[in-house]
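Take a look at the structure below.
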Amino acid sequence: MKTKAEQRAALEARKQDAARVARDEPGLKYWVDDCWISREELELRWARERVDEPSSTRLPLYSVRFVRDGWINTLVQTVSDSESAFALFRKVLRGLPHEEMWVAMINARHVPRGLVRVSQGGAHGCSITPSDVLRPVLLSGCSSFIIAHNHPSGNPTPSADDARFTAALREACRITGLTLLDHLVVCEHRYQVVQ
């Protein structure tokens, strides 16, 4: 915020600049957006602002950010097989009384770049779509990913819904150019891969 003295100095400088412009460049008379413009340019700007076409719509501008919520300690340096993927997800999915689905974003060198919980449900399942899974992967800039969810019952056998969801997700990956490396069903000490 400018002090009163700074504001007065800026106003005085603007007045002196206006006097110089009026003397040296008689066509420029209006101070708009920190520059001098002619009457014609000012009228053209006003005309642009007055255009009220029925097809024009004011749209909000958004920015999307990928925000880190915390850290998880893991010994997994690279994800080379289902066993290392199980070790990565086991910490976040172990012992939960409800079902959750997590995504691990994996870079081109198979190094995990982060984990995101994409769904949390009840004891018998969770509602999720392929777009819920792909959104964080696309935002992360990674080219591949692994998903895992738990079965609170302790039985890691994939259900028919798990297989259908994996098939739909593989199709969405084919369209977007991403690679689904694995889909695991994780329980306390064991896991199974959804085919």
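The values are calculated or read from the model by the stated rules, or taken from the named source; none is laboratory data. Keep in mind that what you see is a predicted model, and the values were worked out from it rather than measured. Because the Cβ atoms are built from the backbone with ideal geometry, glycine has one as well, and the counts that use them run over all protein chains shown.
Residues in region 169-195 that are surrounded by fewer than 18 Cβ atoms within 10 Å (Cβ to Cβ), more than 27 Å from the chain's Cα centre (by Cα) and not in a strand (DSSP E or B): GLU188, HIS189, ARG190, GLN195. Pairs are defined by a Cβ separation below 6 Å, a sequence spacing of at least 6 or placement on different chains, a first member in region 5-26 that is closer than 19 Å to ARG39 by Cβ and of a type in the set (A, V, I, L, M, F, W, C), and a second member that is modelled with pLDDT under 70 and outside any helix (DSSP H, G or I); the pairs so defined are VAL21/LEU28; VAL21/TRP36. Close contacts from region 148-167, counting a first residue that is touching a residue at least 60 places away in the same chain (Cβ under 8 Å) and a second that is of a type in the set (Val, Ile, Thr), with Cβ to Cβ under 6 Å and a gap of 6+ residues or different chains, come to ALA148/VAL186. As a summary of the residue check, VAL76 satisfies the conditions (1) in contact (Cβ under 8 Å) with a residue 40 or more places away in the chain; (2) outside the structural domain of LEU181 (by TED's automatic domain parsing) except for the one numbered (1).
Number of residues in region 102-147 that are surrounded by fewer than 13 Cβ atoms within 10 Å (Cβ to Cβ) and closer than 20 Å to VAL79 by Cα equals 3. Filter region 26-37 down to residues that are in contact with an Asp or Glu (Cβ under 9 Å, 6 or more places away or on another chain) and of a type outside the set (A, V, I, L, M, F, W, C) and give me whichever is modelled with the highest pLDDT. Across region 26-37, the extreme among qualifying residues is TYR30. So which residues in region 4-25 are modelled with pLDDT of 70 or more and aliphatic (A, V, I, L, M), if there are any at all? Within region 4-25, ALA5, ALA9, ALA10, LEU11, ALA13 meet the criteria.
Checking the structure you have, find out if any residue of region 149-168 is part of a loop (DSSP other than H, G, I, E, B) and touching a Ser or Thr at 6+ places or on another chain (Cβ under 7 Å). Scanning region 149-168, I find no residue that is part of a loop (DSSP other than H, G, I, E, B) and touching a Ser or Thr at 6+ places or on another chain (Cβ under 7 Å), so the answer is no.
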